[in-house]
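J.: Starting off with a structure, shown below.
The values are calculated or read from the model by the stated rules, or taken from the named source; none is laboratory data. Since this is a predicted model, take the numbers as computed values, not measurements. Reconstructed Cβ throughout: ideal geometry from the backbone, glycine too, with neighbour counts over all protein chains shown.
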Amino acid sequence: MDTFIARQPIFDRNNEVVAYELLFRNGHNNFYNNSNGDEATLNVIANSFYAFDFKGIIDNKKAFINFTEELIKEEIATILPSEYVVIEILENIEPSEEFISSCKRLKEKEFIIALDDFTFDIRYIKLVQLADIIKIDFKITKGVERKKVFELLRINSKLKFLAEKVENKEEYHEALKLGYTYFQGYYFSKPTILSTQNIPANKDTRLKILKLINKDDFDFNHLEALIIKDLGLSYKLTKLINSSAYGIKNKVSTIKHAITLLGKKEIIKWLYIVLLNDLKESDIDEVVKVSLQRAKMCESICDMSIYQEKINSAYMVGLFSVMDAILNCSIEIIIKELYLSNEIKEGLIEQNSPLNKVLKLTISYEKGQWEDVLVYAKEIKINENKIPEVYLESVRWADEILQ
């Protein structure tokens, strides 16, 4: 299943790219086709952080991301790294006291705030005082109005102005002459559409998680139990932990460890973004079922072996063993993006590691390679006669989860 996002560069007065605006797309057509602003923003956040390499697509520059009034109030932006993200506030917001307070909290966290498609109204004075950048739409704003906006410097002397939807050379030179700092539009570059493979969502599991985290005092153990049954969430969570957004140095050994590192407030925000973005995707790919079967079987086999103390890592090895098939990328490259423990990484790629032997036994049994099954069973010292029962139990377990 393909996932899409578009980016459009933003230039400074030296004609150098200083940022990219990240834009919602759900196909190769290069235009916005979603009437739900909340959904579009959640899609952009989820895809740029969990489907793509966020720092890669912005080339270590700033990312302008549109935010609706509701998402600002919900403080969804605070899960993002303030050093890379510019909060772009849409023009249709109501500047209530609640909204202004939310913006102040964003400023306290050192986010840059940009006002999109800005047209001045007395109601926006407090918002202008908080803003860092004002975006002026050159398609809408004409003539003397393009200069008049600089009067806002009387309200906030630190404001910078961005001329957007600049279509031709004449408009660009006019904006330069007037004193605009940043520039964006088709004259420079159309949005570029990027695509990648996404992991199918288990709708039933994600509905259960959404219901759980809406409780005031939910059980973290219950949350962990649900997440480890969902390959997509497990992958995105470990990828998030590896993100520079959090600066977490500990390597993840279990999903529970990852949840603990994030903390309750951050995990709820993260899940809110991912769940609402993915719930509309209801098809379960067969390869996801295989990942769950392998995870459970690796865990059970490890428990019977001489490596009992490694059962949590064994589950993770089985779960992530199909990521190369899902993302059409080598497992060596994939695990570089995931802050997994060395034990799990070795289980996925190191031929002679204990957990790799557990994984190979599992895969050999799947494929009916009986001679290999016997070899690996002997190496990890388990009774090969118990393997059929473990396999059938793993299949039943995965089927129950995906019903």
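J.: Being among the aliphatic types (A, V, I, L, M), assigned to a strand (DSSP E or B) and at pLDDT below 70 is true for just one of L194, L162. Which residue is that? Explain how you work it out, then say what you get.
T.: Numbers: L162 fails: at pLDDT below 70.
Matching residue, one of L194, L162: L194.
J.: Give, as residue ranges, the helices (runs of 4 or more DSSP H) completely inside region 302-403 that count at least 1 residues that are farther than 26 Å from E286 by Cα and outside the structural domain of L233 (by TED's automatic domain parsing). Lay out the reasoning, then the answer.
T.: On the way: elements: 311-320, 323-327, 331-336, 342-349, 354-367, 370-379, 387-401.
Filter on region 302-403 gives 342-349, 354-367, 370-379.
Yes or no, residue by residue, for (1) under 24 Å from N47 (Cα atoms); (2) of a type in the set (F, W, Y):
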position: S313; (1), (2): no, no
position: V322; (1), (2): yes, no
position: N342; (1), (2): no, no
position: E346; (1), (2): no, no
position: K360; (1), (2): no, no
position: I363; (1), (2): no, no
position: W370; (1), (2): no, yes
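J.: Test of understanding: among I79, I113, I57, which residue is in contact (Cβ under 8 Å) with a residue 60 or more places away in the chain and in contact with an Asp or Glu (Cβ under 9 Å, 6 or more places away or on another chain)?
T.: Details: I113 fails: in contact (Cβ under 8 Å) with a residue 60 or more places away in the chain; I57 fails: in contact with an Asp or Glu (Cβ under 9 Å, 6 or more places away or on another chain).
The unique qualifying residue is I79.
J.: Regarding L22, is this residue at pLDDT 75 or above and in a strand (DSSP E or B)? Spell out how you get there, then give the answer.
T.: On the way: at pLDDT 75 or above: yes; in a strand (DSSP E or B): yes.
Here the answer is yes, as L22 does meet what is asked.
J.: Another question, then. Name the single residue that is nearest to the chain's Cα centre (by Cα) among those in region 253-301 being at pLDDT 75 or above and part of a loop (DSSP other than H, G, I, E, B).
T.: By that ranking, first place goes to G263.
J.: Another question about this same structure. Pull up region 118-158, narrow it to residues that are at pLDDT 90 or above and aromatic (F, W, Y), then point me to the one that is farthest from T181 (Cα to Cα).
T.: Restricting to residues being at pLDDT 90 or above and aromatic (F, W, Y), the top hit is F138.
J.: Examine region 366-378 for a residue that is modelled with pLDDT under 90, surrounded by fewer than 21 Cβ atoms within 10 Å (Cβ to Cβ) and within 31 Å of the chain's Cα centre (by Cα), and state whether such a residue exists.
T.: No: region 366-378 contains no residue that is modelled with pLDDT under 90, surrounded by fewer than 21 Cβ atoms within 10 Å (Cβ to Cβ) and within 31 Å of the chain's Cα centre (by Cα).
J.: Also: When you go through (1) farther than 28 Å from F188 by Cα; (2) modelled with pLDDT of 95 or more one by one for E110, which number turns out not to apply?
T.: Among (1) farther than 28 Å from F188 by Cα; (2) modelled with pLDDT of 95 or more, E110 violates only (2).
J.: Now a separate question. Can you name the residue in region 100-110 that is of a type outside the set (K, R) and touching a residue at least 12 places away in the same chain (Cβ under 8 Å) and, of all such residues, is farthest from I89 (Cα to Cα)? Lay out the reasoning, then the answer.
T.: Here is the first cut: in region 100-110, the ones of a type outside the set (K, R) are 100-103, 106, 108, 110.
Keeping just the survivors that are touching a residue at least 12 places away in the same chain (Cβ under 8 Å) gives 100, 102-103, 106, 110.
Working: I100: 12, S102: 12, C103: 10, L106: 12, E110: 16 Å.
Filtering first and then ranking leaves E110.
J.: Working only within region 114-172, note down all residues that are closer than 18 Å to P95 by Cα, among the charged types (D, E, K, R) and surrounded by 13 or more Cβ atoms within 10 Å (Cβ to Cβ). Outline the logic, then answer.
T.: Our first condition is that a residue be closer than 18 Å to P95 by Cα; within region 114-172, this holds for 114-135, 152, 155-156.
Those still in the list that are among the charged types (D, E, K, R) too: 116-117, 121, 123, 126, 132, 135.
Residues satisfying the conditions are D116, D117, K126, D132, K135.
J.: When residues of region 92-120 are filtered for being part of a loop (DSSP other than H, G, I, E, B) and in contact with a helix residue (DSSP H, G or I) (Cβ under 8 Å, 6 or more places away or on another chain), how many remain?
T.: The initial filter retains those residues of region 92-120 that are part of a loop (DSSP other than H, G, I, E, B), namely 92-96, 109-111, 116-120.
Checking which are in contact with a helix residue (DSSP H, G or I) (Cβ under 8 Å, 6 or more places away or on another chain) leaves us with 92-95, 109, 111, 118, 120.
Adding up the residues that qualify gives 8.
J.: Please give the number of the condition E83 fails out of (1) exposed (fewer than 15 other Cβ atoms within 10 Å of the Cβ); (2) touching a Leu at 6+ places or on another chain (Cβ under 9 Å); (3) part of a loop (DSSP other than H, G, I, E, B).
T.: (2)
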